[in-house]
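A.B. asks: Have a look at the structure that comes next, please.
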Amino acid sequence: MSEPQHSTEAAAAYEHLRQTVVEVVADPWAPGAEERLSTAAHAAHAVMYPKTESH
């Protein structure tokens, strides 16, 4: 079974999201924490599920 072509990009996006979650959990009141988490989550979703778009 072959890996999807975007698997490396998806893994990188997931790792970025995971690291952002760790940082936000460590300091949830840091300036911009909510925005950073939201941005990382949306970026990871866009890479992992490229065909799902809201209209």
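We did not get these values from a lab; they are worked out from the coordinates using the rules stated. The shown structure was predicted, so the numbers you read here are calculated from the model rather than taken from an experiment. So basically every Cβ, Gly included, is an ideal-geometry build from the backbone, and we count neighbours across all protein chains shown.
A.B. asks: What number comes out for the charge environment of Trp29, summing +1 per Lys or Arg and -1 per Asp or Glu over other residues with Cβ under 15 Å away?
C.D. replies: -3
A.B. asks: Extending each Cα 7 Å along its Cβ direction at Ser38 and Ala26, get the distance between those two points in nm, one decimal.
C.D. replies: Inter-label distance under the simple model: 2.4 nm.
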